[in-house]
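Undergrad: Have a look at this one.
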Amino acid sequence: MSIYTLPQEVEKALDLFYSCFDEQTGELIVSEEIMNERQAQLDELQNQTNEVTEWYLKDRANKLAYIAGIESEVERLQKIVSSEKKKVSRSENLLERIFARLYEWKPLVIGSFKLSYRASEAVMIENEAGLPKEFLRVIPESTAPDKMAIKEALKAWINVPWAILESRQSFSIK
């Protein structure tokens with residue numbers, strides 16, 4: 001998007017100068033000698049006319065307008081992605097209800113899709129302060145429950161106060 005027209009020789013000189021730098025990092029990617037030559041071309045143009053400074057400003061304005069257009073498009077696309085993700089989530093919720101009601105959670109293959117439930121377990125902590133110290137892991141300046149150690153202990157029928165092992169079902173579409 002260009003809102004100003006730059007003379008071709010200035011635009012070409014600017015493009016050559018900008019090509020001295022990596023577009024992502026801004027680091028110099030050519031020798032300093034080449035960059036200095038390209039800078040000299042721009043300086044020579046500036047010596048020919050005082051309008052070059054205005055051309056620099058117009059080039060900057062063009063780039064800002066281009067960036068604004070890109071940012072606007074990114075925002076529009078992010079809204080579309082968010083909307084589509086919500087639609088997928090609603091579709092999955094509907095499929096899960098249908099699967100549970102009609103097929104009673106039995107694995108099912110329909111076309112190239114496989115519907116199933118995956119059993120999993122999760123440790124639920126009712127009171128962190130009541131956990132024995134051997135079931136806590138130290139994080140700098142704090143502690144947190146070591147759920148893996150707690151899970152292993154609960155599976156081995158060791159009593160861990162304030163912790164329970166909960167069985168869960170996860171709906172899966174492959």
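The values are calculated or read from the model by the stated rules, or taken from the named source; none is laboratory data. Keep in mind that this is a model prediction, so the values were computed, not measured. Counting neighbours? That spans all protein chains shown, and the Cβs are built from the backbone with ideal geometry, glycine included. We work out accessible area using only protein heavy atoms, side chains counted, and drop any ligands, DNA or RNA first. Shrake-Rupley method; radii C 1.70, N 1.55, O 1.52, S 1.80 Å.
Undergrad: Within region 137-174, which residues are aliphatic (A, V, I, L, M) and either in contact with an Asp or Glu (Cβ under 6 Å, 6 or more places away or on another chain) or open to solvent by 50 Å² or more (accessible area, probe 1.4 Å) (or both)?
TA: Restricting attention to region 137-174, the residues satisfying the condition of being aliphatic (A, V, I, L, M) are 138-139, 144, 148-150, 153-154, 156, 158, 160, 163-165, 173.
Within region 137-174, V138, I139, M148, A156, I158, I164, L165, I173 qualify.
Undergrad: Of the residues that make up region 9-19, is at least one open to solvent by 90 Å² or more (accessible area, probe 1.4 Å) and among the aliphatic types (A, V, I, L, M)?
TA: Within region 9-19 (the criterion being open to solvent by 90 Å² or more (accessible area, probe 1.4 Å) and among the aliphatic types (A, V, I, L, M)), the answer is no, since none of the residues qualifies.
Undergrad: Have a look at A129, A100, A119 and point out the one that is assigned to a helix (DSSP H, G or I), among the hydrophobic types (A, V, I, L, M, F, W, C), at pLDDT below 85 and open to solvent by 50 Å² or more (accessible area, probe 1.4 Å). If you could, list the steps in order and put the result at the bottom.
TA: Details: A100 fails: open to solvent by 50 Å² or more (accessible area, probe 1.4 Å); A119 fails: assigned to a helix (DSSP H, G or I).
Residue meeting the stated conditions: A129.
Undergrad: Which residues, counting only those in region 55-97, are under 30 Å from V10 (Cα atoms) and surrounded by fewer than 13 Cβ atoms within 10 Å (Cβ to Cβ)?
TA: Scanning region 55-97 gives L57, R60, L64, I67, A68, G69, I70, E71, S72, E73.
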